Amino acid sequence: MRQFALGGLERVVMMQAGICAEAGYDVTILVLDGGCGNSLVVECDPRVTVRVLPTGLGARRRALSEVCRDALVLLHFGYGRLYPSLRLALLGARALRVIRFCHSDYSRLRNPVTNILDRMLGSRDEMIAVGGGARSFLVEVVGLRPERIRTLANVAPPAPRYDPPSPAGLRLLTLSDVEPHKGVEDVITALAKVSAAPHEPRLSVVGDGSDLIRLWQLAQELDVLHRIEWMGAIWHQPSVQGLLGQTDAFISMSRAEGIPLSVLEAVRHNVPHLVLSDIPGHRAAAGDKAVYVNYGDSDTLARVLDGIAVEHAASLPQAADTSAPEPRHRLADLERYGTDLINLLSGVN
């Protein structure tokens, strides 16, 4: 797929990956563009591996040869994109099968030349139209033979599972761009070192950025995905203020700041505990209202959070279970979709 930006196609890919992992497949999602918007990666099934392809045709050829050899390759390119260089590289990767999904009618983005190129690049692909409009596009615009195309009805992905925080838990919050210098890695590493029961803290990460995929993978490796709520980039100011008002400890392990607005807002909302990296910008914003930890020192940060969790465990209210089961008809649709997808991968008509 192209990237993990906010969109329906990304959710479909993650749904398919989860279905395949449940069926016993070893699943890797290859991402072409690991740019600044990656929020949806955090909804991936933890059994799925996510890998961002390197830039440069040579490096991408090597990566494709490594991952796609003797594999089933499912292509999901949005906006009718063709990626000729990538497709040619894929030919040399010796995949078992290449199954290409068309998710929409891309007529407005095509011309006769691109349609000819599409037929050439996809001459060996197995073609799957997601819905009737996509099938018509492939036949009437691209010019593929109808007998080459199979269809797969789309369904709404299931709602991500939500585990409410423990009544004795601690609500932690980071609020920043998710870039390497912001130190979110230190917070996740410390979270894994904090004693879990009975004072298990939950971390909300508000923000998006180029480091998000790597940090999701780190949380996966450290087995703390279930203790993190990835909120994405929230621009709605009342929502941000509401999160600050419900937070027990605000954390920033940034390597460099001016006078950060997020810390000033945490001070204004009287967040009970501020835990900040020991840099001039943080001291200027919070003064003596914070506990300061050297950035990069996840061991000390974990000890500080452990102490806060124990101190406040008894005062936290019982959390209600806000999760809701999927409607029964939607579960039936999803089960049918999963069966159709696995049959497709198995070569069953």
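The values are calculated or read from the model by the stated rules, or taken from the named source; none is laboratory data. Every value quoted in this text rests on a predicted model; they were computed, and no experiment measured them. Please note: Cβ atoms are built from the backbone with ideal geometry, for glycine as well, and neighbour counts cover all protein chains shown. Calculation scope for accessible area: heavy atoms of the full protein, side chains included, ligands and nucleic acids excluded. Shrake-Rupley method; radii C 1.70, N 1.55, O 1.52, S 1.80 Å.
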Test Val67 against the stated conditions and say whether it is surrounded by 15 or more Cβ atoms within 10 Å (Cβ to Cβ), under 24 Å from the mean Cα position of the chain (by Cα) and part of a helix (DSSP H, G or I). yes
Subset of segment 14-42, residues in contact (Cβ under 8 Å) with a residue 24 or more places away in the chain, among the aliphatic types (A, V, I, L, M) and in contact with a Cys (Cβ under 9 Å, 6 or more places away or on another chain), comes to Met14, Ala17, Ile29, Leu30
Regarding segment 280-294, can at least one residue be identified that is open to solvent by less than 10 Å² (accessible area, probe 1.4 Å), without any contact (Cβ under 8 Å) to a residue 60 or more places away in the chain and either within 28 Å of the chain's Cα centre (by Cα) or within 21 Å of Gln246 (Cα to Cα) (or both)? yes
When residues of segment 201-232 are filtered for being in a loop (DSSP other than H, G, I, E, B), at negative phi and either open to solvent by 50 Å² or more (accessible area, probe 1.4 Å) or without any contact (Cβ under 8 Å) to a residue 24 or more places away in the chain (or both), how many remain? 2
Quick check on segment 14-53: of everything there that is of a type in the set (Gly, Ala, Ser) and in a helix (DSSP H, G or I), which residue is surrounded by the fewest Cβ atoms within 10 Å (Cβ to Cβ)? Ala21
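Looking at segment 235-242, can you tell me whether even one residue there is touching a helix residue (DSSP H, G or I) at 6+ places or on another chain (Cβ under 6 Å) and open to solvent by less than 30 Å² (accessible area, probe 1.4 Å)? If you could, list the steps in order and put the result at the bottom.
First, the residues of segment 235-242 that are touching a helix residue (DSSP H, G or I) at 6+ places or on another chain (Cβ under 6 Å): none.
For segment 235-242, residues touching a helix residue (DSSP H, G or I) at 6+ places or on another chain (Cβ under 6 Å) and open to solvent by less than 30 Å² (accessible area, probe 1.4 Å): absent.
Go over the candidates Arg61, Arg11 one by one and state the one that is open to solvent by 20 Å² or more (accessible area, probe 1.4 Å), assigned to a helix (DSSP H, G or I) and either in contact with a strand residue (DSSP E or B) (Cβ under 9 Å, 6 or more places away or on another chain) or under 19 Å from Ile213 (Cα atoms) (or both). Write out each step before concluding.
Numbers: Arg61 fails: either in contact with a strand residue (DSSP E or B) (Cβ under 9 Å, 6 or more places away or on another chain) or under 19 Å from Ile213 (Cα atoms) (or both).
Result: Arg11 is the single residue among Arg61, Arg11 that is open to solvent by 20 Å² or more (accessible area, probe 1.4 Å), assigned to a helix (DSSP H, G or I) and either in contact with a strand residue (DSSP E or B) (Cβ under 9 Å, 6 or more places away or on another chain) or under 19 Å from Ile213 (Cα atoms) (or both).
Okay, residues lined up against (1) within 22 Å of Leu276 (Cβ to Cβ); (2) under 22 Å from the mean Cα position of the chain (by Cα); (3) not charged (D, E, K, R):
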position: Arg171; (1), (2), (3): yes, yes, no
position: Asp177; (1), (2), (3): yes, yes, no
position: Glu185; (1), (2), (3): yes, yes, no
position: Leu191; (1), (2), (3): yes, yes, yes
position: Arg202; (1), (2), (3): yes, yes, no
position: Ala219; (1), (2), (3): yes, yes, yes
position: Leu225; (1), (2), (3): no, yes, yes
Is it the case that some residue within segment 284-292 is modelled with pLDDT of 90 or more, touching a Gly at 6+ places or on another chain (Cβ under 8 Å) and on the phi < 0 side of the Ramachandran plot? no
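Rundown of residues vs (1) among the small types (Gly, Ala, Ser); (2) at pLDDT 85 or above; (3) surrounded by fewer than 21 Cβ atoms within 10 Å (Cβ to Cβ), yes/no style:
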| residue | (1), (2), (3) |
| --- | --- |
| Ser252 | yes, yes, no |
| Leu261 | no, yes, yes |
| Val304 | no, yes, yes |
| His312 | no, no, yes |
| Thr322 | no, no, yes |
